[in-house]
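Inspection log for the structure reproduced underneath, given as structure tokens.
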Ligand SMILES: NC(=O)c1ccc[n+]([C@@H]2O[C@H](COP(=O)([O-])OP(=O)(O)OC[C@H]3O[C@@H](n4cnc5c(N)ncnc54)[C@H](O)[C@@H]3O)[C@@H](O)[C@H]2O)c1
């Protein structure tokens with residue numbers, strides 16, 4: 001599948017790496033730099049470079065993990081671009097998960113007010129979510145506090161990378177995959193339900209279909225609302241709870257796992273607010289992927305964290321709650337109402 005739109009050219013194909021050289025050539029870059037992390041670098045970098053035969057490619061490795069999304073990494077990348085004589089016609093390719101994608105995208109968007117940028121995502125989460133939509137950034141006095149919206153020239157999604165992904169990272173991405181089914185596509189939710197074993201076995205045709213469907217959904221949402229003023233907010237289903245849980249656990253609970261608990265809580269809220277009848281079905285699917293649906297959390301701290309969420313623009317907490325699988329609505333609640341609902345949800349969890 002190739003999508004050509006304001007968000008760049010997006011290629012989701014088995015063996016998509018075969019398209020890499022052609023996509024680079026289309027840009028006619030003066031220089032090319034692949035930015036990766038030290039884990040992906042070891043496993044994949046040499047292999048990927050073989051797909052760009054006709055030109056010199058520079059490489060740079062950043063520290064793997066969330067700590068790599070820092071001012072230090074950013075300044076290292078800017079320095080590399082300056083020392084290497086990069087110009088506005090140079091290209092930075094992010095090869096890695098969301099961390100590499102976010103920090104490279106930010107470096108590319110700010111260096112000389114923007115050089116060419118491309119994404120080759122290697123985690124399930126980055127293939128179905130973070131590589132699409134143009135958000136980037138670094139952590140600075142808080143997660144994702146500094147960043148820009150900057151679209152890549154191309155995004156190349158090849159599910160063969162998923163083969164080497166640790167199981168926990170794979171599940172991390174699956175939470176986002178299930179999210180798409182709940183927020184906007186009942187048929188897709190069913191497809192995931194019917195293919196749990198094949199997905200867990202990482203069968204490439206199934207992963208490719210999943211990536212295609214998720215990318216299409218994300219593209220449609222972002223095209224309608226690039227700057228997250230309306231529809232794009234539905235992508236935060238489970239995330240307002242999830243961010244609070246991540247933070248309260250001092251980031252010991254991974255993002256996807258926290259989002260899984262968050263989605264379960266949002267389903268609980270939906271049951272109370274809208275009479276959502278399919279909570280058990282959503283929780284069952286999460287459990288089949290070994291994702292958690294519950295955690296011991298202290299109510300008051302949870303409420304405090306949720307009201308601080310950076311998407312609570314006008315003082316009200318934004319919750320995304322399903323009406324049925326495949327359809328959600330945005331609800332804004334004041335602190336007292338949030339505390340009341342959460343108390344009920346946590347008591348019945
Ligand atoms: N920009 C956005 O729209 C957006 C959306 C969601 C999340 N994010 C950001 O994404 C980040 C999380 O991304 P992530 O979950 O991809 O994590 P990550 O980039 O930290 O990757 C997870 C781990 O897997 C390793 N890895 C990556 N690909 C591999 C492969 N193919 N084989 C073996 N190991 C591999 C990495 O080295 C790392 O250790 C967070 O910083 C989050 O804020 C951004």
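Numbers below:
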quantity: Cβ pairs under 8 Å, 6+ apart, first in segment 73-99 and closer than 12 Å to residue 112 by Cα, second in a helix (DSSP H, G or I) and within 16 Å of the ligand (Cβ to nearest atom); calculated: 78/107; 78/110; 81/107
quantity: Which numbered condition residue 242 misses (of (1) in contact (Cβ under 8 Å) with a residue 24 or more places away in the chain; (2) within 16 Å of the ligand (Cβ to nearest atom)); calculated: (1)
quantity: Segment 124-134, residues that are surrounded by fewer than 24 Cβ atoms within 10 Å (Cβ to Cβ) and more than 7 Å from the ligand (Cβ to nearest atom); calculated: 134
quantity: Among (1) in the same structural domain as residue 65 (by TED's automatic domain parsing); (2) within 21 Å of residue 309 (Cβ to Cβ); (3) in contact with a helix residue (DSSP H, G or I) (Cβ under 9 Å, 6 or more places away or on another chain) - the single one residue 175 does not satisfy; calculated: (1)
quantity: Breaking point among (1) modelled with pLDDT under 95; (2) within 20 Å of the chain's Cα centre (by Cα); (3) under 25 Å from residue 188 (Cα atoms); (4) not in a helix (DSSP H, G or I), for residue 251; calculated: (3)
quantity: Residue in segment 103-113 that is at pLDDT 95 or above, within 9 Å of the ligand (Cβ to nearest atom) and farther than 21 Å from residue 226 by Cα present; calculated: no
quantity: Among (1) more than 8 Å from the ligand (Cβ to nearest atom); (2) in contact with a helix residue (DSSP H, G or I) (Cβ under 8 Å, 6 or more places away or on another chain) - the single one residue 137 does not satisfy; calculated: (1)
quantity: Residue pairs meeting the criteria (Cβ under 6 Å; at least 6 apart or on separate chains; first part of a loop (DSSP other than H, G, I, E, B), in segment 280-294; second modelled with pLDDT under 95); calculated: 294/349
quantity: Filter result for residue 143 (more than 23 Å from residue 289 (Cα to Cα), within 13 Å of the ligand (Cβ to nearest atom) and either touching a strand residue (DSSP E or B) at 6+ places or on another chain (Cβ under 9 Å) or assigned by TED's automatic domain parsing to the domain that holds residue 60 (or both)); calculated: yes
quantity: The one condition in (1) away from the ligand (no atom under 16 Å from the Cβ); (2) more than 25 Å from residue 6 (Cβ to Cβ); (3) touching a strand residue (DSSP E or B) at 6+ places or on another chain (Cβ under 7 Å) that residue 70 fails to fulfil; calculated: (1)
quantity: Residue pairs meeting the criteria (Cβ under 6 Å; at least 6 apart or on separate chains; first within 15 Å of residue 127 (Cβ to Cβ), in segment 6-25; second loosely packed, with under 14 Cβ neighbours inside 10 Å); calculated: 11/2
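The values are calculated or read from the model by the stated rules, or taken from the named source; none is laboratory data. Please read these numbers as outputs of a predicted model, since none were measured by experiment. Note that we place each Cβ from the backbone using ideal geometry, even for glycine, and neighbour counts take in every protein chain shown.
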